[in-house]
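Worksheet for the structure shown next.
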Amino acid sequence: MVARSNIAAVLDQGARDHPALVVPGRVSLSYSRLRELADEAANALASQGIGRGERVALVFPNGPEAIVLFLAASMVATACPLNPAYKEDEFRFYLEDVGARFLVVPPSGGEAARRAVPSGATVIEASLDADGRLIMSGAGHGRAVDSLEGSSDGDVGLVLHTSGTTSRPKRVPLRHDNLTASVANIVATYELGPEDVSLCVMPLFHVHGLLASALATFASGGTVVVPDRFTPLGFWPLMQAHHPTWFTASPTPHQLVLARLQEDRPAGTERLRFVRSCSAALSPAQMGLMEQRFGVPVLEAYGMTEASHQMASNPLPPEPRVAGSVGCGTGVDIAIFDEAGAPLPTGASGEVVIRGPNVMHGYEDNPQANAGAFVDGWFRTGDVGTLDGAGYLRLVGRIKELINRGGEKIAPREIDEVLEAHPAVKEAVAFGVPHPTWGEEVAAAVVLRAPATEKELLAYSRQRLADFKVPKRLFIVDSIPRTPTGKVQRRFVADQFTHE
């Protein structure tokens, strides 16, 4: 095995024969075999001319390929995992935005991504067969891995996108030292070790599932159980079969699982140490019911893409966990600033700012966004919160108007632009409305220039947006409410149409 100074070094912590990755019904890989597969895939990518700085787009559902190919791409280049649910236009934007010259997809999948691939780019098919062997189309047998110029801690290992409320999604370049710092923080926060088993129910193209569920567990020498997809009905059979010691999810999956649980400490919870919640606010009532049913502490955390996921978390017992709080900084400095960028005293409400080795150095090729995102070395999160005397952070609201649908952060401007591309639509404003399961759901108000029905506009959107972004409510109106200065404020628009 090659010595590494990048995120793939997380695999070096596991004992050779200890199970590293279990995909129920498909494959079980030891640490030694997972290392071999990552090295083999890295060599295969390099044999296609992929090297440091290249952007490799990956379009895979949860499974061994998503993990092996992320590790491989980050070892020799930069991994750009994308949501397989995207539609062709979405893939076209993301592939062009990251400058991907290589797209890796399953042999019988990723059709929309294939159609959207930029001219001149190379499509590579990859899969693991039933025996756990890697199969890659066009894989050469040129340079060996130990002769490659592998990525190092200062190189960008992962590029993801985040979204603003009035702009196109922004590129977030995360260096290997950002990623390894975040992983180390997560391991330390939850005292993870080789005996731990993580059940991964979050998608591996997001930092939540990739960093917290998978990479942090590898870094502790533990075992990651990754079902092909999360279903509430399939959750308990997995718990009973694999006896995880912890799992992490956004509040929506927690709520869906809880709805099917009518007893305390059911079979499958015997080895649970804690349950983690992140990516959206968890209500104190839901937290209390979860603790009653699971019989273990529920630890709410705070993360975002720009910080390589985790920034704060409630701690393990005997330290206190505070319902309604996302806990204290975990290897990250947290402060509260006023609108002018000056620190506020304890207990005052203002913008949450952070700094630490896991925080990105800036959005890529976006000086305007960076000018507003940093102040005196602190990153401005866009969230409003308070810090108490013990350092516990409470989030009050969001400055940004992103729609948070079950942990999926949706840029409303992206939906505006799709609707406004319809010839009958003069103006569109998307916004979030409360939803009992997802937290928020997508709605939109539109002003027409020609006759069109709600059904027609929704069908048009469905062809161009991933299902979770398609508005579930559409208000056809004569005009969009504006402030006295003529600006559109989405929360104000939402109040006008949902609280009448």
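The values are calculated or read from the model by the stated rules, or taken from the named source; none is laboratory data. Just so you know, these numbers come straight off a predicted model, no measurement behind them. Glycine gets a Cβ as well: all are built from the backbone with ideal geometry, and neighbour counts include every protein chain shown.
Of the residues that make up segment 24-40, is at least one acidic (D, E), in contact (Cβ under 8 Å) with a residue 12 or more places away in the chain and in contact with a Leu (Cβ under 8 Å, 6 or more places away or on another chain)?
Looking for residues that are acidic (D, E), in contact (Cβ under 8 Å) with a residue 12 or more places away in the chain and in contact with a Leu (Cβ under 8 Å, 6 or more places away or on another chain), one finds at least one in segment 24-40, hence yes.
When you go through D478, D467 one by one, which is the residue that is outside the structural domain of P251 (by TED's automatic domain parsing) and closer than 21 Å to E414 by Cβ?
Criteria check complete, one pass: D467.
For segment 211-266, please list each of the helices (runs of 4 or more DSSP H) lying entirely inside it that holds at least 3 residues being at pLDDT 95 or above.
216-219, 232-242
Restricting to segment 324-345, name every residue that is among the charged types (D, E, K, R) and under 16 Å from G356 (Cα atoms).
Matches in segment 324-345: D333 only.
Which ranges mark the strands (runs of 3 or more DSSP E) fully within segment 24-102 that have 1 or more residues being hydroxyl-bearing (S, T, Y) and closer than 23 Å to V197 by Cα?
27-30
Kindly provide the set of residues from segment 73-86 that are in contact (Cβ under 8 Å) with a residue 40 or more places away in the chain and crowded, with 21+ Cβ neighbours inside 10 Å, ordered by number.
Across segment 73-86, the qualifying residues are S74, M75, V76, A77, T78, A79, C80, P81, L82, P84, Y86.
Scanning segment 434-455 for residues that are in contact (Cβ under 8 Å) with a residue 12 or more places away in the chain and of a type in the set (D, E, K, R), which turns out nearest to G406 (Cα to Cα)?
Among those residues, the one meeting the criterion is E440.
Here is a yes/no grid of residues against (1) small (G, A, S); (2) assigned by TED's automatic domain parsing to the domain that holds L457; (3) modelled with pLDDT of 95 or more:
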site	(1), (2), (3)
C328	no, no, yes
T346	no, no, yes
V352	no, no, yes
Y363	no, no, yes
F379	no, no, yes
G391	yes, no, yes
G407	yes, yes, no
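Go through (1) touching a residue at least 40 places away in the same chain (Cβ under 8 Å); (2) surrounded by fewer than 15 Cβ atoms within 10 Å (Cβ to Cβ); (3) not charged (D, E, K, R) one by one and return the number of the condition P317 breaks.
Just one mismatch for P317, condition (1).
When you scan segment 337-360, do you find a residue that is touching a residue at least 60 places away in the same chain (Cβ under 8 Å) and touching a Lys or Arg at 6+ places or on another chain (Cβ under 9 Å), even just one?
yes
Return the pairs, sorted by first residue and then second, in which the second residue is assigned to a loop (DSSP other than H, G, I, E, B) and among the hydrophobic types (A, V, I, L, M, F, W, C), the first residue lies in segment 187-215 and is on the phi > 0 side of the Ramachandran plot, the beta carbons are less than 9 Å apart, and the residues are 6+ apart or on different chains.
Hits for this filter: E191/L316.
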